[in-house]
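Here is the structure we will look at.
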Amino acid sequence: MKKIIGLLVLSLSSAVLAAPKTQWLTVDNDVLAQIRPKLNKSVQTLFSAQGASVVKLTQEEVEMLSATIHHELHRCGGFIAHESYQEAKDALSFQGDMYFAKSAIFNDYTIDQSSKVAPLVAQVEEPSIRSMIEKLTTYKTRYYKSTTGVESSEFIRDTWAALSAHRSDVKVELVKHPSWPQASIVMTVEGSTKADEIVIVGGHADSIAGMFGGSGRAPGADDNASGIATITEVIRILMKNGYKPERTVQFMGYAAEEVGLLGSKEIAANYKSQAKKVVGVMQLDMTLNKGTADKDIVMMSDFTNAAQNEFLGRLIDEYVKVNWGYSKCGYGCSDHASWTANGFPASMPFESTMGDINKKIHTANDTLQSSGGDAKHAAKFAKLATAFVVELAK
């Protein structure tokens, strides 16, 4: 029988964020410059490197920072929370884990699984992705402190569990975090010969409504029901076809991304403390809205692994056959930054350049209809993610 673990509590190391009353943050310098007038005058830049700075804020100021970024800058993230000043400073060190994760080569990235990948990619179905987006957007909000945020994570867990119910080598877990109610979701497909090596595809499960936080309507169709629905389609195809990887594959839906990457940071820090061998991470955050006319998939080049990004580009050419390019996301813009900060290779293929980002995110207007009414764009990312898993988990 398949194991479905309700609210698994991770055994977190002391390095993991415990959400104290005050928090040390590493903040994107461009973001910091724009929101500086709204911060208390006593807030000072304590250290700066790699395009980000260390500041210390109260919990209330962190919430205000998140709301201001969403409402006024119309972007995700821009900061990562840390437990101490030293941890924050180390995160920006040119000799630290982040520097290693961006520049090291973790695999040979040979593409040689066409006989397996091509038939799977051909099975991607736009209606299936669209249906999942529609179901997730029925929740008023998926805010990390809300009841519906909790319920939506449970729904994702149940959906993934149903798709893999026939597999004894698959488990689906709700990962409970100690400082807020929404759980993250982790699905594990055990590797056959290299089970200690892990390939991860993830996206955040929460949503937010700008200045309204958890009180406003936040359907989050693009941000990020689309990413979760894209992951769900990959799971559907792999489970339907009896796919069994050599390396362990994990699919993740992270809690509390919109307020500082909190869920992914706890998970990634825990993996680091346990010395887990993560060989590749893909982040799917916003796949629905085609915002850039001449590019279908855009790789974020900053705070990601250069060699893995190049690998994704070749996968697009081989299996998706659409135009792609590069853009810059900014520091801490999504959950890939949590993995990079902990020394793991991560990539973030995105729906547009950052200059063409969907302006309706973090509002009540982030709906399926506002992004064209279908999931055709997201289907391209499902093909890419399927290829990423099969080619890397061999």
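The values are calculated or read from the model by the stated rules, or taken from the named source; none is laboratory data. Model, not experiment: these values are computed from the prediction. Every residue, glycine among them, receives a Cβ derived from its backbone with ideal geometry; neighbour counts consider all protein chains shown.
Tabulated data
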| read-out | value |
| --- | --- |
| Glu257 being over 25 Å from Leu368 (Cβ atoms), acidic (Asp, Glu) and out of contact with any helix residue (DSSP H, G or I) (no Cβ under 6 Å at 6 or more places or on another chain) | no |
| Residue, surrounded by the most Cβ atoms within 10 Å (Cβ to Cβ), within region 111-130, restricted to residues that are in contact (Cβ under 8 Å) with a residue 12 or more places away in the chain and hydroxyl-bearing (Ser, Thr, Tyr) | Ser128 |
| Answer residue from region 346-368, given it is out of contact with any helix residue (DSSP H, G or I) (no Cβ under 6 Å at 6 or more places or on another chain) and small (Gly, Ala, Ser) and is surrounded by the most Cβ atoms within 10 Å (Cβ to Cβ) among those | Ser352 |
| One residue from Ala221, Ala275, Ala229, Ala293 being assigned by TED's automatic domain parsing to the domain that holds Ala341, more than 30 Å from Tyr99 (Cβ to Cβ) and free of Cβ contacts under 8 Å to residues at least 12 places away in the same chain | Ala293 |
| Helices (runs of 4 or more DSSP H) enclosed by region 275-394 - at least 2 residues per element that are farther than 18 Å from Ile228 by Cβ and modelled with pLDDT of 95 or more | 306-315, 376-392 |
| Those residues of region 161-186 which are under 21 Å from the mean Cα position of the chain (by Cα), of a type in the set (S, T, N, Q) and either assigned to a helix (DSSP H, G or I) or more than 10 Å from Gly263 (Cβ to Cβ) (or both), in sequence order | Ser179 |
| Elements of type helices (runs of 4 or more DSSP H) in region 20-111, at least 2 residues being at pLDDT below 85 and either under 19 Å from Asp302 (Cβ atoms) or not assigned by TED's automatic domain parsing to the domain that holds Pro345 (or both) | 59-68, 85-91, 97-103 |
| Residues being of a type in the set (S, T, N, Q) and either in contact with a Ser or Thr (Cβ under 7 Å, 6 or more places away or on another chain) or under 15 Å from Ser184 (Cβ atoms) (or both) - total across region 123-145 | 2 |
| Test: residue in region 202-211 that is at pLDDT below 95, part of a loop (DSSP other than H, G, I, E, B) and crowded, with 24+ Cβ neighbours inside 10 Å | yes |
| Close pairs from region 165-179: first under 23 Å from Asn270 (Cα atoms), partner assigned to a loop (DSSP other than H, G, I, E, B) and of a type in the set (D, E, K, R), Cβ under 9 Å, at least 6 apart | Asp169/Lys2; Asp169/Glu190; Asp169/Lys244; Val170/Lys2; Val170/Glu190; Lys171/Lys2; Lys171/Glu190; Val172/Lys2 |
| Considering residues of region 21-49 that are of a type outside the set (Val, Ile, Thr) and under 21 Å from the mean Cα position of the chain (by Cα) only, the residue surrounded by the fewest Cβ atoms within 10 Å (Cβ to Cβ) | Leu25 |
| Residue count for region 62-91, restricted to those that are of a type outside the set (Phe, Trp, Tyr), crowded, with 21+ Cβ neighbours inside 10 Å and touching a residue at least 40 places away in the same chain (Cβ under 8 Å) | 11 |
| Residue within region 116-124 that is in the same structural domain as Asn305 (by TED's automatic domain parsing), among the polar types (S, T, N, Q), in a helix (DSSP H, G or I) and closer than 30 Å to Gly242 by Cβ present | no |
| Qualifying residue in region 167-181 (condition: within 30 Å of Phe311 (Cβ to Cβ), modelled with pLDDT of 95 or more, surrounded by fewer than 23 Cβ atoms within 10 Å (Cβ to Cβ) and of a type in the set (Gly, Ala, Ser)) | no |
| In region 138-165, the residues that are of a type in the set (Gly, Ala, Ser) and closer than 15 Å to Ala218 by Cβ | Ser146, Gly149, Ser152, Ser153 |
